[in-house]
Amino acid sequence: MSKKHRVVIGMSGGVDSSVAAYLLKQQGYDVVGLFMKNWEDDDTDEYCSARQDFLDAVSVADVIDIPIEVVNFSAEYKDRVFSHFLAEYQAGRTPNPDVLCNAEIKFKAFLDYAHKLGADYIATGHYAQVREVNGVFQLLKGEDGTKDQSYFLYRLNQTQLANTLFPIGHLYKREVRKIAKELNLPNFSKKDSTGICFIGERPFREFLNRYLPHEPGEIQTPDGKVIGHHVGLMYYTIGQRQGLGIGGTRDGGDEPWFVSAKDMTRNVLVAVQGHDHPDLLRPSLKATDLTWISGKQPHCNWVYAAKTRYRQVDAPCAITELSQNHCQIDFAQQQWAITPGQSVVIYESRVCLGGGVITE
Ligand SMILES: Nc1ncnc2c1ncn2[C@@H]1O[C@H](COP(=O)(O)OP(=O)(O)OP(=O)(O)O)[C@@H](O)[C@H]1O
């Protein structure tokens, strides 16, 4: 009998990676679980679930009878993901650390480590799919559109995709939970993780304030009228409605206020009234730090669609190359609250082509 292929699967203690590990074992792979510790927190931190997650991963590995190891990538995470996250916030942008974590940790540091463990492939419980067409690996959306995670994976390259399996990408979440329940996995009803992994459920302002100085200032309307005060520009994001502390104004009516811009030079937060205010709508954006899964930039035409944030309906668009690492994306319809620092991810139907980071 030929030797079994070895797969090292990232086990987070959640339902998705647990079922993914089980399916790989069913398919006859030699499966090894790997739990990553990416953040150093003391075990008494009320917001850090890493210890419980690890215990969950171990009990699942026990039930499906696979070995599990732990690896600590917190130094790599700090270096390659967290330092960039802080620099972006300090510059007034709203970064997406999960995108960088995938490119730098889950599919780089993890992949290198898995190779040392003799892996032929790595696997994760992401809702995404890979297929090979004429020798080129494509990233496809997960079958369950409401769970699709390809947005977070757009920075993967050919080598990473060639080495990766997504065992639950063809399933719907309800099917995944059903399998977990049938197997009586200890975490079958565990809540989905939310938010940025190292922040979790903790109060965001308090967390950021530990690392970055903040400077309070004015909130103004676009024509310079002072309508309130902010506690530091880094705490706000374009399109934000909650937490501005602006009540109804003398002449403003009842409509809610939204952040429409951050003026970093004057330390002013600009807010407008009404969800559909024209200052919140843009027909195009510019992006940099481009990366294309096939290795080639797509042609400039209108067959594409883009997401400027996760959980957004794909918006028909065209791409124009401005220079080697910059492009402009024009939308068929104006887009709401495009946010510098977030990623714009391009799709051709259900194939994720790649994308970049929004600059303006
Ligand atoms: N601490 C970790 N150790 C190992 N692998 C991880 C870890 N965190 C996430 N992963 C891997 O990345 C995948 C996607 O992570 P994400 O945080 O988006 O979790 P999820 O979609 O809630 O999945 P799950 O239910 O498996 O936690 C997971 O399914 C898992 O394979």
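The values are calculated or read from the model by the stated rules, or taken from the named source; none is laboratory data. Here the structure is a predicted model, which means the values were calculated and not measured. No Cβ is skipped: glycine too gets one built from the backbone with ideal geometry, and neighbour counts run over all protein chains shown. Each accessible area value is taken on the protein alone, full model and side chains, heavy atoms only, with ligands, DNA and RNA left out. Shrake-Rupley method; radii C 1.70, N 1.55, O 1.52, S 1.80 Å.
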**Message:** Suppose we keep just the DSSP beta bridges with both residues in the chain; what percent of those would be antiparallel, to 5?
**Reply:** 75 percent
**Request:** Helix by helix through the chain, keep the DSSP H runs that span 18 Å or more along the axis on Cα and average at least -1.0 on Kyte-Doolittle, and give those back in order.
**Result:** 50-64
**Asked** Taking square-rooted eigenvalues a ≥ b ≥ c of the alpha carbon gyration tensor, is the chain rounded, prolate or oblate, where a/c under 1.5 means rounded and, failing that, a/b exceeding b/c means prolate?
**Response** prolate
**Request:** Straight distance only, please: which lysines reach the Cα of LYS286 with their own Cα at less than 16 Å, same-chain residues fewer than 8 apart left out?
**Result:** LYS307
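Relative contact order, percent, of the range 263-341 when contacts are C-alpha pairs under 8 Å separated by at least 6 residues? Please list the in-between numbers first.
On the way: 102 pairs, mean separation 27.7, N = 79.
Over the range 263-341, the number comes to 35 percent.
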**Request:** Counting other Cβ atoms within 10 Å, keep those with at most 13, restrict to DSSP loop, and tell me which chymotrypsin sites (Phe, Trp or Tyr not before Pro) in the range 280-340 are left.
**Result:** TRP302
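I need the shape label for the range 281-358. Rule: rounded when a/c is under 1.5, else prolate if a/b > b/c, else oblate, with a, b, c from the alpha carbon gyration tensor.
Details: a/c = 1.38, a/b = 1.21, b/c = 1.14.
Rounded shape, in that the Cα axes give a/c under 1.5.
What number, in percent, do you get for the relative contact order of the chain if the mean sequence gap of Cα pairs under 8 Å and at least 6 apart is divided by its residue count? Each step should come with its number before you reach the end.
Working: 728 pairs, mean separation 56.4, N = 360.
Taking the mean separation of contacting Cα pairs over the length of the chain, I get 16 percent.
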**Asked** Which value, in debye to the nearest 20, describes the size of the charge dipole of the range 1-149 about its Cα centre when Lys and Arg Cβ atoms bear +1, Asp and Glu Cβ atoms bear -1, and nothing else is charged?
**Response** 680 debye
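With the Cα gyration tensor of the range 30-188 giving a ≥ b ≥ c as the square roots of its eigenvalues, does the rule (a/c under 1.5 for rounded; else a/b larger than b/c for prolate; else oblate) give rounded, prolate or oblate?
Working: a/c = 1.42, a/b = 1.07, b/c = 1.32.
It is rounded, given that a/c, with a ≥ b ≥ c, falls under 1.5.
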**Item:** Most mobile of LYS178, LYS286, LYS225 in a GNM of the chain (Cα contacts under 10 Å)
**Value:** LYS225
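Using helices alone, what [θ] at 222 nm do you get for the chain, with -39,500 (n - 2.57) per DSSP H run of 4 or more residues, divided over all residues and rounded to the nearest 500? Kindly include the intermediate steps, with their values, before the conclusion.
Details: 9 runs with 72 residues, N = 360.
Taking each H run of at least 4 residues, the total per residue is -5500 deg cm²/dmol.
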**Complete:** Expected max-MSF residue from PHE204, PHE54, PHE35 in the GNM of the chain (alpha carbon, under 10 Å) is PHE204
**Prompt:** Within straight cross-link reach of LYS225, meaning Cα distance under 28 Å, which lysines are found once same-chain residues fewer than 8 apart are removed?
**Reply:** LYS262
**Prompt:** How would LEU281, LEU212 rank on accessible area, largest to smallest, probe 1.4 Å?
**Reply:** LEU281, LEU212
**Asked** What aspartates and glutamates could a cross-link reach from LYS141, if we take a straight Cα to Cα line under 20 Å and drop same-chain neighbours fewer than 8 places away?
**Response** ASP16, ASP98, GLU132, GLU175, ASP192, ASP314, GLU348
**Cβ-Cβ FRET estimate between ASP65 and GLN297, R0 fixed at 56 Å, reported to 0.05** = 0.75
